[in-house]
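The values are calculated or read from the model by the stated rules, or taken from the named source; none is laboratory data. Every value quoted in this text rests on a predicted model; they were computed, and no experiment measured them. Cβ placement follows ideal geometry from the backbone for every residue including glycine, while neighbour counts extend to all protein chains displayed. Only protein heavy atoms, including side chains, enter the accessible area calculation; ligands, DNA and RNA are left aside. Shrake-Rupley method; radii C 1.70, N 1.55, O 1.52, S 1.80 Å.
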Amino acid sequence: MDQAGRGASAIDGGNFKLAVTCYTEAIAQNPQAVSYYIQRSKAYTRLSPPDHQAAFHDAELAVSLATKRAKRELIADSQLRRAVTLFNLERYGDAKQCLWWVKKLNEKEKTLAIWEMKAETKLKGLEDGDERGKVTVEETPNVEVPKAVVGKKSAKEAEKTAEASASTSTTTNGTKEAAKESTAAVQSEGVQTPPSKIRHEWFQTNDTVVVSLFCKGIPKDKTTVEIKQDSLDVSFPLPTGSDFNLSLDPLFAAIDASASSYKIMSAKAEFTLKKSTPGQQWANIEGAHPASTEETSADGDDTVKRAVLSDKSSNAGPVYPTSSKSGPKNWDKVVNDLSKKPKKDVKEGEEGASEDAGIEDEEGDPTTNFFKMLYKGADPDTQKAMMKSYQESNGTALSTNWADVSKGRVETSPPDGMEAKKWDQ
């Protein structure tokens, strides 16, 4: 288990001093992880005695980092944490202001009404001019975010690599031009794929879900990866100065974050998520937000969440890799439904006889007949999408969305438990 996982376990077990230590070590390794600051802030609040000032500082860092990543939900969570710490510091006017920012971002936040009521009650009890009722905070705090220690080490290693490569090239070729080319190659490291062409796909096995993010030159030392029980968040800087963010939140089903892993390669990053329920078939990579009830704990700090999740497990057949947000189409069910479609009582030659008779009237395999009917009745763009996706994917994918298919080649996507191989001609 990593330090963040140990910190979470320490909070659950009531060992808040250990939680602070674990999250401090986790932050040293990954100082861009917003959730680490939020969790350490909670741990500071629950210490005996509590360290409200340290908790507030962590909340400010969380807001700053979340704003930089431009992730709406993360900003709302950070601002809520900031409001709680300000309330504990008796800065009720500032707390109310932060709650207003939370409401602007996520008015459905379950604990928002409770904290607004608490802040209003405190403010009504203050006399005019009381410092505790004044608003002094800014929406984005001006705080210095810690820099990654790993990133500095990587920079030094890159310099050494450049020098070594230059030396080798000069000795081998006897020219300084080769040395310059080698040094330039090292300096050009970074994201090389245009942002519009960065994409992700996923597939699953019995025990895991694998997410592949296709992008050349992902910087290992500057990439932030947060794997939680119900989400995956990835962020790294782009040459344009902005950040690329991939947020799969919530995931279709729970995962074992401590047993999950990832690796960053030259042309892609791969995230292996361990299923909490082995054998459960995911219909999509993302799921719906669960209905939940929340209540504020007695110490006025944390939120207890009771989520009601629907059972998405099924005995469905193999699920093919897909990047579709709506999830893979269950063609077997479609064919079965149409096969069972009752025939209309029409005579041959009457209008609608050929279209409404169902696919049972055709000879041969019902699945093949269904796709023939689908193709025949489609518009030209849909027909082009079907032909292009089927041919380019070697029969492993069928899309009806020409706007998506026309963007590039449709890759071969073998079903679960199989792999694509090239045959020698």
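Quick notes on this one:
Residues checked against (1) within 15 Å of GLU201 (Cα to Cα); (2) not charged (D, E, K, R):
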| position | (1), (2) |
| --- | --- |
| SER242 | no, yes |
| LEU246 | yes, yes |
| PRO250 | no, yes |
| ALA253 | no, yes |
| ASP256 | no, no |
| SER260 | no, yes |
| ALA267 | yes, yes |
| GLY279 | no, yes |
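- Helices (runs of 4 or more DSSP H) completely within region 47-134 that count 1 or more residues being closer than 27 Å to VAL225 by Cα and in contact with a His (Cβ under 9 Å, 6 or more places away or on another chain): 72-88
- Residue match in region 36-45 (condition: of a type in the set (Phe, Trp, Tyr) and within 20 Å of ASP243 (Cβ to Cβ)): yes
- Filter result (surrounded by fewer than 18 Cβ atoms within 10 Å (Cβ to Cβ), in contact (Cβ under 8 Å) with a residue 24 or more places away in the chain and under 20 Å from PHE16 (Cβ atoms)) within region 49-87: PRO50, GLN53
- Only residues that are outside any loop (DSSP other than H, G, I, E, B), open to solvent by 20 Å² or more (accessible area, probe 1.4 Å) and in contact (Cβ under 8 Å) with a residue 60 or more places away in the chain were counted in region 20-46, giving 4.
- Hey, ILE285 touching a His at 6+ places or on another chain (Cβ under 9 Å) and modelled with pLDDT of 90 or more or not: yes
- Only a single item in (1) more than 22 Å from THR140 (Cα to Cα); (2) open to solvent by 60 Å² or more (accessible area, probe 1.4 Å) is not met by ILE11, and it is number (2).
Every residue, every condition in (1) farther than 17 Å from PRO195 by Cβ; (2) open to solvent by less than 50 Å² (accessible area, probe 1.4 Å), yes or no:
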| position | (1), (2) |
| --- | --- |
| PHE236 | no, yes |
| SER242 | no, no |
| LEU246 | no, yes |
| LEU251 | yes, yes |
| ILE255 | yes, yes |
| SER260 | yes, yes |
| MET265 | yes, no |
| ALA269 | no, yes |
| LYS275 | yes, yes |
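- Residue match in region 206-220 (condition: open to solvent by less than 20 Å² (accessible area, probe 1.4 Å), part of a loop (DSSP other than H, G, I, E, B), under 20 Å from ALA4 (Cα atoms) and not charged (D, E, K, R)): no
- Subset of region 380-395 [open to solvent by 70 Å² or more (accessible area, probe 1.4 Å), at pLDDT below 85 and of a type outside the set (S, T, N, Q)]: TYR390
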